[in-house]
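Have a look at the structure below, then the notes.
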Amino acid sequence: MYGGETPFFNMNIRNVAIIAHVDHGKTTLVDALLRQSKTKLDKEVDSADLIMDSNELERERGITIFSKNASVVWNETKINIIDTPGHADFGGEVERVLTMADGCLLLVDAKEGPMPQTRFVLRQALAKKLRIIVVVNKIDRPDARIHYVLDKTLDLFLELGASDEIADFPIVYASGKEGKAGLEPDLSTMTDIAPVFDAILEHIPAPSGDAAKPLQMLMTTLSSDSFKGRIAIGRIYNGTIKAGQDVMHINRDGEMKRHRLVSLMTFEGLGRVDIKEAQAGDIVAISGIPDITIGETIASVENPIALPLLAIEEPTVMMTFGVNTSPFAGQEGEYKTSRQIRERLYKELETDVALRVEDLPTGEWNVSGRGELHLAIVIERLRREGYEFQVSRPQVIEKVVDGVKMTPYEQLFLEVPQDYSGAVMQKLGERRGELKDMRSDENGITSFEFIIATKDLFGYRSEFITDTKGLGIMNMSFYEYAKDSGSTLRRDRGSLIAFETGVTTLYGLTGVQDRGDLFIGPQYQVYKGQVIGQHSRPEDLRINVCKTKQLSNMRSKGDGSMEHFNVPHVMGLEDALEYIGDDELVEVTPKNIRMRKKILDELEERRKKAQGIA
Ligand code: GDP
């Protein structure tokens, strides 16, 4: 019944979002669901083809960045599974994808319990009053502690303000890995994964909507396809939709335009298949409307009525991207010309609605997004694809409303072991954070909620990680634009800068390490004007780190043995973006992240400063 005909038509439907912390077993569980459902349909599944797998970037960061759709069929019911991004920087996207769902599976590791990262998504699911089924996964783990995990989950629901009815959640125990589930936490009584399906059919309501009414479909996600062009994915609220039919596109401004659908697709497993027809309640993908974007409605031509628009969050942070102009330019990247970079940035706009790109007269681009993390992820993806470029320090996007300068504020959520809560309070106090809530639990974890200006928060992530010895968890989401509370805390130390182009030597580095904190070790190619460390004093210092030892008989401290050399503080992309000042840049290539002065030459820098240019 698959493939081409009109599969899924007239089938019962359930739309379920899946909320899980990375590594709690989402991929494995969805794969088990898919396998079992396919077994019933006598279809072979390629065992190497794990679906919904997180990509490398997501895994490293412990968050899901891209939402995906999948679908399985069970007992004549099509279950659409909607993946949710797991980070508050993507809050807008979470909210949008949740509008497609009528309920959620909250997947929790039987040892670790619910993680703070899933809290934001859960909060939004609760705000939408979605029914939530808790799946305690990995119960085969010898160190599983089911009671603890359930207690923690209930606490979390109550803390997030769940109603009594929703906090009385149905529970399914599972071992996704063994493909088994049950209503009791006893693996030996389980035979297959069916209890997960049964719980979905029982507890998650069928989508409302009337197939007999005029068509209304709301777009929630975009993707692009080299053959089909722009693809929009969304849920049909009313009516039926047919491949090749004419539809009315109602855009954000309420303007209507008639288009013919080029293709209509639905999800089968993780893949998309072309179909002829689909009806209210289902989630489908369409192509043929080139300028469609998220939040807009597709409606019937005869009776076009828009659904409530979905908001797209405004960008709050901006960076300038440019062609790499460092002395090492062009050596490490595959794509490095202005045309290549510009094309790639504009391509990103096709699927990322929260991103903005603006051409500057200088040949550079202002790229704006939802936060430092959002932009850092865009940069990281380009870099991994082989692009080379340079970016400036992130800046907040301010607005003037009725003559008053307004700046964005964030809602900041932190969880830290109690021992470090003093340092957190102090640092955020200095950054003028306003404490909204603070509570400690019996395990010695303190959670904080602050409201803080986005610009006052710049650079805090890395301090926070250091201050909490890597044990703290930090999440933030856009709060509001409000009056600017004045000047911002700036980096109070200058940079250590390579004085000449060459290869760093242990001798040279050891000789200057007392001047501050070094970012690089020996045997690195550096260029004149490259930032290689942070000075312990407010001004910049140009130092010779490529110096080789004079031949002499004298031995001294710092003569070039590793035992005297402090381990350098190697800066990753986000560290570098947080660190650099307005007169510095981050040089991004597939092989290296370097920081540099905008003006590499000291004399020229001084001259420009004197003339008030730099
Ligand atoms: P995701 O990041 O949430 O998609 O998680 P994955 O499905 O990739 O699983 C993360 C890790 O947990 C992998 O090493 C899996 O083998 C392991 N895992 C997944 N499900 C189970 C389970 O039911 N029991 C045990 N013991 N391990 C599991």
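One table, with the values for the structure above:
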quantity: 32 Å Cα-Cα threshold exceeded, pairs from Lys152/Lys455; Lys336/Lys608; Lys436/Lys469; Lys405/Lys436; Lys78/Lys138; calculated: Lys152/Lys455
quantity: Structure-based [θ]222 nm, the chain - -39500 (n - 2.57) summed over DSSP H runs of at least 4, per residue, nearest 500; calculated: -6500 deg cm²/dmol
quantity: Residues Asp437 and Gln611, FRET efficiency given R0 of 56 Å [Cβ-Cβ distance, rounded to 0.05]; calculated: 0.65
quantity: Rg over Rh [alpha-carbon atoms, Kirkwood Rh] for the chain; calculated: 1.01
quantity: Long-range amide H partners of Lys177 with built H, under 5 Å; calculated: Lys138
quantity: Label-point separation, Arg493 to Met406 (7 Å along Cα→Cβ), nm; calculated: 3.8
quantity: Highest to lowest packing among 291-297, 247-253, scored as the average C-beta count within 10 Å; calculated: 291-297, 247-253
quantity: With Cα atoms, 0 to 90° folded angle of helix 146-159 axis to the chain main axis; calculated: 90
quantity: Eligible lysines near Lys547 by straight Cα distance, threshold 27 Å, same-chain separation 8 or greater; calculated: Lys528, Lys557, Lys591, Lys597, Lys598
quantity: Residue-span extension gain [Glu159 to Asp186] - 0.36 nm each, minus C-alpha spacing; calculated: 6.8 nm
quantity: Using a Förster distance of 51 Å, the FRET efficiency for Asn75-Thr337 (Cβ separation, nearest 0.05); calculated: 0.40
quantity: Crossing angle, helix 26-40 versus the chain [Cα axis fit, 0-90 degrees, rounded to tens]; calculated: 30
quantity: Partner lysines for Lys213 [C-alpha distance under 18 Å; skip if fewer than 8 residues away on the same chain]; calculated: Lys242
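Each reported figure results from applying straightforward, stated rules to the coordinates on display, with no laboratory input. As the structure is a prediction and not an experimental result, all values here were calculated from the model. Cβ sites come from the backbone with ideal geometry, for glycine too, and all protein chains shown count toward neighbours.
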